[in-house]
Number of protein chains: 2
Amino acid sequence: MERKGILLVVSGFSGAGKGTLMKSLVESYDNYALSISMTTRKPREGEENGKAYFFVEESVFLEKIKEEKVIEYAQYCGNYYGTPKEYVEEMLHQGKDVILEIEIQGALKVKEKYPDALLLFVMPPSAEELKRRLVGRGTETEEVISQRLLRASEEAEGIEAYDYILINDKLEDCVKELHNLVMAAHNTPDRNQEFINHIRKELKGLLKGE
Amino acid sequence: MERKGILLVVSGFSGAGKGTLMKSLVESYDNYALSISMTTRKPREGEENGKAYFFVEESVFLEKIKEEKVIEYAQYCGNYYGTPKEYVEEMLHQGKDVILEIEIQGALKVKEKYPDALLLFVMPPSAEELKRRLVGRGTETEEVISQRLLRASEEAEGIEAYDYILINDKLEDCVKELHNLVMAAHNTPDRNQEFINHIRKELKGLLKGE
């Protein structure tokens, strides 16, 4: 029976440790693929095309939106950022669980187009701990930290739209827990319709003495 | 934060190995409690009250139904069998994940009363394997085996009503998988509303400089 991948949408507060978590997940298990975003911003020095981003001209990006080849997109500082459909669907088709790391508005758009997508929200064990992590980076001004906390407070209002929350306390435990959530999702009847239909047919065959 | 238990309803084909699976689950992890059924049938020799069953008089059973102290019940061979509410709710309140092993009609009744219940359907890896297990018991006549297969074929029509399917191939793997499904269910936002509200309040407090 063919294994179809799950589209995994990961959001969470800045400072909740999403980046490290995704990196560790992909390194720890071989069933994941990270989606690569497409952007119209110019590559910075050392940035390779197709690694962190696919870099394209604005005309190409707009054409792809028109052709419905972009799952979701947003504009930020005059540039477009989006998720190209083709790569995601190719990976899903190969049976990979594909990870999209995006914020809530994008997550909801993805859920509309892919009702089967699994939405995860990564949280710190407490707001105090979130602040500690943001301060601990040592790179953010007090103003930026306040902005991040404000943003977190706004994002927290949307948590109920997600299928699961994930509390990132110890990274190693959290990676395992995240993996378990995805494995659990593979056990729903709608993701195993082929197997269920097969066993139904097989049972009927046995009853007929086939 | 208080941990509220999950009501876990387990169904599955006769011969799928539910009994062994539940026994191993309860022995392997300490967060589970098996629900104890109530029945009006007379105890067999060696059967203790409150172990496999609570044995009661019919008048008591009927009174409990009237008082809505029975989650679900059925009649079988002139006797009543049912799930007493009090024990289940006490265990859930203590934070235990409570296991009910019942067939589909009962499972659907439980889901009506406890929309938050988690419904699992245990399946063999194939119908052929199911037949092999039934034959392998060596205690069933060919007629009984046919009846079981017919019943399985009927039950198979209801699988989509369950939250998860669980394929019981190797017992040890299956126990772990079952445990993971329950652990995953503890991560839904509605089961963590208290934590989510707490962190929202905490974030607002930090923003006010509290």
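Rule-based calculations on the coordinates, nothing more; no lab input. Worth saying up front: this structure is predicted, and the values here are computed from it rather than measured. Glycine also receives a Cβ, built like all others from the backbone with ideal geometry; neighbour counts cover every protein chain displayed.
At a Förster distance of 41 Å, what's the computed FRET efficiency of B:E103 paired with A:R151, Cβ-Cβ distance as r, to 0.05? For R0 = 41 Å, the calculated efficiency reads 0.25. When A:R151 is represented by a point 7 angstrom out along its Cα-to-C-beta vector, the spacings to that point in the other copies are 5.8 nm, nearest first. Here's how it looks for A:F54: its modeled amide H is under 5 Å from those of A:S37, A:M38, A:T39, which are all 5 or more places away or on a different chain. Using θ = phi - 60° in the Karplus curve 6.51 cos²θ - 1.76 cosθ + 1.60, the 3J(HN,Hα) couplings for the stretch B:100-107 round to 10, 9, 9, 7, 4, 4, x, 4 Hz; x is entered for Gly and Pro. By the gyration tensor of its Cα atoms, with a ≥ b ≥ c the square roots of the eigenvalues, what is the shape of chain B: rounded for a/c under 1.5, prolate for a/b over b/c, or oblate? It is oblate, given that a/c is not under 1.5 and a/b is not larger than b/c. Build a GNM of chain B with springs between Cα atoms under 10 Å apart, and of B:M38, B:M91, B:M183 the one that fluctuates most is B:M183. The overall shape of the stretch B:143-191 is oblate: from the C-alpha gyration tensor, with semi-axes ordered a ≥ b ≥ c, the ratio a/c is 1.5 or greater and a/b is no larger than b/c.
Modelled spin labels at B:E86 and B:D169, positioned 7 Å past Cα toward Cβ, are 4.6 nm from each other. Between B:T139 and A:R200, take the C-beta separation as r, use R0 = 25 Å, and let me know the FRET efficiency to the nearest 0.05. For R0 = 25 Å, the calculated efficiency reads 0.40. For peptide B:153-164, the mean count of partner chain Cβ atoms within 10 Å of a residue's Cβ comes to 4.
Here the Gaussian network model covers chain A, with springs between Cα atoms less than 10 Å apart; of A:L150, A:L181, A:L21, A:L150 fluctuates the most.
Each part gets one Cα centre, and for the stretch B:1-61 versus the stretch B:98-175 those centres are 16 Å apart.
The lysines within cross-link reach of A:K131, meaning a Cα-to-Cα straight distance under 16 Å and a gap of 8 or more places when in the same chain, are A:K18, B:K201, B:K204, B:K208.
May I ask for the angle, rounded to the nearest 10°, between helix B:171-185 and the longest principal axis of chain B, with both axes built from Cα atoms and the value confined to 0 to 90°? Helix B:171-185 and the main axis of chain B meet at about 40 degrees. Shape class of the stretch A:36-94 from the alpha-carbon gyration tensor: oblate, with a/c at 1.5 or above and b/c at least as large as a/b.
Of the residues A:E45, A:E27, A:E154, the one that moves most in a GNM of chain A with alpha-carbon contacts below 10 Å is A:E45.
Across the copies of the chain, A:G95 has label points (7 Å from Cα along Cα→Cβ) spaced 4.0 nm apart, shortest distance listed first.
Copy-to-copy label distances for B:P43, where each label lies 7 Å from Cα along Cα-to-Cβ, are 7.8 nm in order of increasing length. The angle separating the long axis of helix A:142-155 from the principal Cα axis of greatest extent in chain A is about 30 degrees.
For the stretch B:149-210, applying the loop criterion from DSSP together with a ceiling of 14 other beta carbons within 10 Å to the trypsin sites (Lys or Arg not before Pro) yields B:K170, B:K208.
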